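Worksheet: the structure to be examined is printed underneath.
The values are calculated or read from the model by the stated rules, or taken from the named source; none is laboratory data. Keep in mind it's a predicted model, so treat the numbers as computed, not measured. Note that we place each Cβ from the backbone using ideal geometry, even for glycine, and neighbour counts take in every protein chain shown.
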Amino acid sequence: MPQILILNEDAGREKGATVQALPTPEDTEFRDEVRTWLRENVPREPQPVEMKAMREFDSAWQRTQYEGGWAGIAWPTEYGGRGMTLNQQLIWYEEYVLAGGPEVGVNFVGLNHGGPTLIARGSEEQKSQHLPRILRGEAVWCQGFSEPGAGSDLAGLSTRAEIDGDDLVVTGQKIWTSYAIVADHQELLVRTGRGESRHADITWVINDMSNPGVDVRPIRTAARESHLFEVFFDEVRIPLSNVVGGVGNGWSVAMSTLGFERGTAFTASAVALHKSVEELIEVAGDSLGPDGRRPALADDELAARLADLRAEVASLRAMIYALVSRNARTETPGAEGSMIKLYYAEVSQRLYRLAMDVLGADGLRFVHKQTQGGWTGGYLYSLSSSIGGGTSEIQRNIIGERVLGLPR
Ligand SMILES: Cc1cc2nc3c(=O)[nH]c(=O)nc-3n(C[C@H](O)[C@H](O)[C@H](O)COP(=O)(O)OP(=O)(O)OC[C@H]3O[C@@H](n4cnc5c(N)ncnc54)[C@H](O)[C@@H]3O)c2cc1C
């Protein structure tokens, strides 16, 4: 029988949501301890937007969490983690959101899929070299998967790597590489064969971003985000000892990475939607509605959409609990993670679309998403949630084929 986890008694009570609580005594004790620590230690100043300042801020905060004993809650203790359960990781995310903790920022890749991939597929040496540095906030990672000609069709990638002595020599281009300018390492997919097989030719390798021949160029976006980059490789030498899972086995390692990226990396953001919807209800109570006389919350249509959204966020949380419960019994998240990724993208886009309707003309004033009241920045950024980490169409294909067993 699958275990049913409904963990957050207080969040439900505080905001009137219908959450039933069945925590174990250990979970309750853990939640109390986490809550006390977070309320005392969460940074009060806003997370900076500029990349270098963001790295400094995020690394310092990660270091504080590590020193407090709260980094890598479900990571193995031998690499600096706490070795706790996924339930406890989820409790941490819930309390983190309630305490107003900043977004994971530049540490997204290292903590959410680079590190977990090394735990599942890396050598002992790779794990002990990289995992503690990620947890201590000393190393930032980025992801070099997408290329101008290979996004959804990742197996079509063409960045080449020739084996020369003890090195791979890499030439090609990646695109949409989040945080590349401040990253120390990169999970990089390269083509090591001659194109005989689209999948068997691919290798997953750790690239040191300070290697000669790596050139990082910024991409500007509508959301005024500065975190996306193109990365060019001109005969970049990477030691073969940095290959994870063996030369030519990169497709299978990449599937582990995407399993984490789609299955668990969005958990914290999905949990955060709970708080956002409650904040939006407050904003609707304070903003003038479409009739220009009463608050937006008094408008029947807006109020009904807010109620629907609250219910949708509650169902997203229920799906997360079910996924966490399932993942607790498997090493790598399965295709079910795509259901969370897909639904999260839809609900977050509906939330920000509704925020724009609640704000009316006030929504035209740009406020960055990291800043208090940053609904407009959040709206523009939310448009990317059905693309980043794999598009919604691709998630639907995965759910159809691998979860529901529909024909290809
Ligand atoms: C905010 C953000 C951050 C990102 N960060 C990174 C990063 O750090 N590292 C990285 O490597 N990449 C990153 N990406 C890139 C992201 O993974 C790709 O954009 C995504 O996989 C889609 O690829 P594409 O842009 O090439 O679109 P395409 O693959 O060209 O898709 C174009 C359209 O065709 C549809 N389509 C394509 N194939 C199919 C199919 N088989 N069935 C149905 N529909 C299909 C797609 O759904 C989409 O609507 C990021 C993207 C965003 C938006």
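Considering only region 287-298, I want to know if a residue exists there that is on the phi > 0 side of the Ramachandran plot, free of Cβ contacts under 8 Å to residues at least 12 places away in the same chain and surrounded by fewer than 21 Cβ atoms within 10 Å (Cβ to Cβ). Talk me through it step by step, then tell me what you get.
Pass one, region 287-298, residues on the phi > 0 side of the Ramachandran plot: 292.
With free of Cβ contacts under 8 Å to residues at least 12 places away in the same chain added as a condition, the list becomes 292.
If we keep only those that are surrounded by fewer than 21 Cβ atoms within 10 Å (Cβ to Cβ) too, we end up with 292.
Checking region 287-298: at least one residue is on the phi > 0 side of the Ramachandran plot, free of Cβ contacts under 8 Å to residues at least 12 places away in the same chain and surrounded by fewer than 21 Cβ atoms within 10 Å (Cβ to Cβ).
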### Task
Specify which of the listed residues (I320, I398) is among the hydrophobic types (A, V, I, L, M, F, W, C) and within 16 Å of the ligand (Cβ to nearest atom).
I398
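Residues being under 22 Å from W141 (Cβ atoms), in a helix (DSSP H, G or I) and aliphatic (A, V, I, L, M): count how many of those fall in region 254-291.
Qualifying residue count for the region: 6.
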### Query
Looking at region 223-235, which of its residues are at pLDDT below 95 and more than 11 Å from the ligand (Cβ to nearest atom)?
R224, S226
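Conditions (1) within 14 Å of A268 (Cβ to Cβ); (2) touching a residue at least 24 places away in the same chain (Cβ under 8 Å); (3) among the polar types (S, T, N, Q), marked per residue:
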| position | (1), (2), (3) |
| --- | --- |
| K52 | no, yes, no |
| R55 | no, yes, no |
| A60 | no, yes, no |
| T77 | no, no, yes |
| N87 | no, yes, yes |
| I91 | yes, yes, no |
| E95 | yes, yes, no |
## Note on the structure
E230 vs (1) under 20 Å from the mean Cα position of the chain (by Cα); (2) within 30 Å of L306 (Cα to Cα); (3) not in a loop (DSSP other than H, G, I, E, B): all pass except (2)
#### Entry: Residue identified as away from the ligand (no atom under 14 Å from the Cβ), under 30 Å from S252 (Cβ atoms) and in contact with a Leu (Cβ under 9 Å, 6 or more places away or on another chain) among S392, S325, S386
S325
### Summary
Of those in region 94-112 that are of a type in the set (A, V, I, L, M) and farther than 16 Å from G388 by Cβ, the residue surrounded by the fewest Cβ atoms within 10 Å (Cβ to Cβ) is A99
### Message
I'd like to know if region 367-378 contains one or more residues that are under 19 Å from the mean Cα position of the chain (by Cα), within 10 Å of the ligand (Cβ to nearest atom) and either at pLDDT 90 or above or closer than 24 Å to G263 by Cα (or both).
### Response
no
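Here's the yes/no breakdown for (1) β-branched (V, I, T); (2) in contact with a Cys (Cβ under 6 Å, 6 or more places away or on another chain); (3) surrounded by 15 or more Cβ atoms within 10 Å (Cβ to Cβ); (4) touching a residue at least 60 places away in the same chain (Cβ under 8 Å):
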{"position": "A180", "(1), (2), (3), (4)": "no, yes, yes, no"}
{"position": "L189", "(1), (2), (3), (4)": "no, no, yes, yes"}
{"position": "G193", "(1), (2), (3), (4)": "no, no, yes, no"}
{"position": "R198", "(1), (2), (3), (4)": "no, no, yes, no"}
{"position": "A222", "(1), (2), (3), (4)": "no, no, no, yes"}
### Message
Which residue is farthest from the chain's Cα centre (by Cα), if the candidates are limited to region 299-335 and must be surrounded by 13 or more Cβ atoms within 10 Å (Cβ to Cβ) and of a type in the set (S, T, Y)?
### Response
S325
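Scan W204, W251 and give me the residue that is under 21 Å from the mean Cα position of the chain (by Cα), crowded, with 23+ Cβ neighbours inside 10 Å and among the aromatic types (F, W, Y). If you could, list the steps in order and put the result at the bottom.
Details: W251 fails: crowded, with 23+ Cβ neighbours inside 10 Å.
Going through W204, W251 in turn, just one is under 21 Å from the mean Cα position of the chain (by Cα), crowded, with 23+ Cβ neighbours inside 10 Å and among the aromatic types (F, W, Y): W204.
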### Among residues of region 380-408, those that are assigned to a helix (DSSP H, G or I), surrounded by fewer than 19 Cβ atoms within 10 Å (Cβ to Cβ) and hydroxyl-bearing (S, T, Y), counted
2
### Residues of region 177-204 classified as at positive phi and of a type outside the set (S, T, Y), total
1
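Tell me, yes or no, whether region 59-72 has at least one residue that is at negative phi and either within 16 Å of the ligand (Cβ to nearest atom) or at pLDDT below 95 (or both).
Within region 59-72, the subset at negative phi is 59-68, 70-71.
Narrowing the set further to residues that are either within 16 Å of the ligand (Cβ to nearest atom) or at pLDDT below 95 (or both) leaves none.
No: zero hits.
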### Task
Scan (1) within 25 Å of D234 (Cβ to Cβ); (2) outside any loop (DSSP other than H, G, I, E, B); (3) of a type in the set (A, V, I, L, M) for the single condition L131 breaks and write down its number.
(1)
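Within region 348-363, identify whether any single residue is surrounded by fewer than 19 Cβ atoms within 10 Å (Cβ to Cβ), away from the ligand (no atom under 16 Å from the Cβ), aliphatic (A, V, I, L, M) and closer than 17 Å to L273 by Cβ, and answer yes or no.
The first filter runs over region 348-363 and keeps only residues surrounded by fewer than 19 Cβ atoms within 10 Å (Cβ to Cβ), leaving 349-350, 353, 356-357, 360-363.
Checking which are away from the ligand (no atom under 16 Å from the Cβ) leaves us with 350, 353, 356-357, 360-363.
Narrowing further to those that are aliphatic (A, V, I, L, M): 356, 361.
From what is left, the residues that are closer than 17 Å to L273 by Cβ are 356.
Within region 348-363, one or more residues are surrounded by fewer than 19 Cβ atoms within 10 Å (Cβ to Cβ), away from the ligand (no atom under 16 Å from the Cβ), aliphatic (A, V, I, L, M) and closer than 17 Å to L273 by Cβ.
Take D201 and tell me if it is away from the ligand (no atom under 16 Å from the Cβ), of a type in the set (D, E, K, R), at pLDDT 95 or above and farther than 28 Å from S382 by Cβ.
On the way: away from the ligand (no atom under 16 Å from the Cβ): yes; of a type in the set (D, E, K, R): yes; at pLDDT 95 or above: no; farther than 28 Å from S382 by Cβ: yes.
In short, no.
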